[in-house]
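The block underneath contains the structure these notes are about, expressed in structure tokens.
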Amino acid sequence: MKHTTRTTTTSKIPAWLSRRSPAAARLLAACSLGLATQGCLVRQELYDEARAEIQREREQGKKARAEAQSARAEAAQRSAQIAALEEELGRLAEDLRARDLRLSDATTAEAGLVRQLDELAAMNEELSARLRSAGQSVGQLATERGSLSAELADARARLDELRRHQAAAEARAARMRDLMGQLKQQIDTGKVHVALRAGQLVIEVPSDALFDGAKAELKPEGRAVLDEIARVLRVMPDQKFQVAGHTDNDTKRVKGSRFTSSWELSAARAAAVVKRLVERGMSPRGLSAAGYGEFAPLGPNDTAAWRAKNRRIEIGLVVEQEETRATGEVGKAAGEKGAVTAP
């Protein structure tokens with residue numbers, strides 16, 4: 001009788017529940033059996049096991065649903081990517097058709113240009129034949145034209161350079177004439193000479209007009225001469241001047257002094273002149289001193305007159321080498337006319 005009751009109760013569990021959740025079906029069957037049988041209780045461990053299995057099945061179901069949802073999202077994303085790729089493929093196909101059309105047009109244009117080039121080549125050959133028959137060729141004419149153009153450009157460059165040099169030389173010659181005008185009294189009395197030497201503007205003062213014997217102390221009349229020179233030169237603050245001292249080859253004059261060589265004497269005299277020019281208003285940044293001793297004479301030291309000329313102080317305008325060369329060439333020509341040198 002009990003067996004019949006258990007079979008009847010178990011048969012009441014729906015088949016879909018058994019397929020979907022066997023653990024739930026077993027738990028329901030156990031509970032039903034317990035209810036159908038008086039005084040019979042479901043075993044606790046069977047109940048707990050069934051509940052644990054139901055919990056695992058629920059978690060697996062959640063995991064399966066999450067995976068299904070992720071799969072659906074990934075499928076949607078892939079569908080969107082496929083759609084975008086199909087759209088891009090369409091655009092590429094359209095671009096390819098447009099490029100093919102342009103290529104066809106370019107091919108047609110190229111064919112036309114090739115025909116024109118062939119026609120021009122034929123014309124060129126005909127013209128070349130005519131020129132060759134006259135003793136000339138296109139190549140020769142082009143070479144001659146290029147050579148003439150290069151020579152013309154070179155001539156123009158040289159002319160521009162000469163013009164710049166000429167302008168610089170004329171400016172210096174004008175400055176020299178101005179200096180000569182302002183120092184006319186000193187020039188006329190022989191205390192000062194103005195000249196262009198190797199393209200350099202030089203104010204030359206005899207040492208005998210500035211110093212006594214083999215001394216480097218300025219005489220009163222020498223200071224007066226330098227004061228006049230400073231008055232003229234200090235209006236050119238942007239120019240640089242070098243004061244150079246020169247002596248003759250008379251070593252007896254040096255031996256009787258405090259100097260041991262003509263270099264020391266000439267350098268000391270140049271420094272004394274620089275000091276006086278600065279005292280009279282010239283910028284020290286534009287002045288330098290040098291001593292050449294007896295080794296840069298104007299002429300041979302074989303007469304008293306020449307030795308006196310070689311004993312001198314030169315105040316030279318410092319210029320660039322290129323300007324010096326150009327000024328020297330123009331100054332030489334002007335000097336031959338007596339325009340830029342003073343006795």
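The values are calculated or read from the model by the stated rules, or taken from the named source; none is laboratory data. Not measured: the values here are computed from a predicted model. Virtual Cβ from ideal backbone geometry, glycine too; neighbours counted across all protein chains shown. We work out accessible area using only protein heavy atoms, side chains counted, and drop any ligands, DNA or RNA first. Shrake-Rupley method; radii C 1.70, N 1.55, O 1.52, S 1.80 Å.
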Positions within the range 277-288 being buried (at least 18 other Cβ atoms within 10 Å of the Cβ) and within 39 Å of the chain's Cα centre (by Cα), in sequence order: MET282, GLY286, LEU287
Some residue of the range 270-293 being part of a helix (DSSP H, G or I) and among the aromatic types (Phe, Trp, Tyr): no
Considering residues of the range 170-184 that are touching a residue at least 24 places away in the same chain (Cβ under 8 Å) and farther than 16 Å from VAL318 by Cβ only, the residue most open to solvent (accessible area, probe 1.4 Å): ARG177
Pair list, Cβ under 7 Å, 6 or more apart: the range 107-134 residue part of a helix (DSSP H, G or I), other residue open to solvent by less than 60 Å² (accessible area, probe 1.4 Å): SER128/SER137; LEU131/SER137
Residue match in the range 233-256 (condition: open to solvent by less than 30 Å² (accessible area, probe 1.4 Å), modelled with pLDDT of 95 or more, under 18 Å from GLU204 (Cβ atoms) and in a helix (DSSP H, G or I)): no
Only one of ASP212, ASP208 that is acidic (Asp, Glu), assigned to a helix (DSSP H, G or I) and under 29 Å from ARG258 (Cβ atoms): ASP208
Scan of the range 188-199 for residues that are open to solvent by less than 60 Å² (accessible area, probe 1.4 Å) and closer than 15 Å to ILE313 by Cβ, ordered by number: GLY190, VAL192, HIS193, VAL194, ALA195
Selection status of ARG223, at pLDDT below 95 and open to solvent by 40 Å² or more (accessible area, probe 1.4 Å): no
Options GLY291, GLY331: the member that is crowded, with 19+ Cβ neighbours inside 10 Å, of a type outside the set (A, V, I, L, M, F, W, C), modelled with pLDDT under 50 and under 48 Å from the mean Cα position of the chain (by Cα): GLY331
Residue that is in a helix (DSSP H, G or I) and either at positive phi or at pLDDT 85 or above (or both), where the choices are ALA25, ALA68, ALA29: ALA68
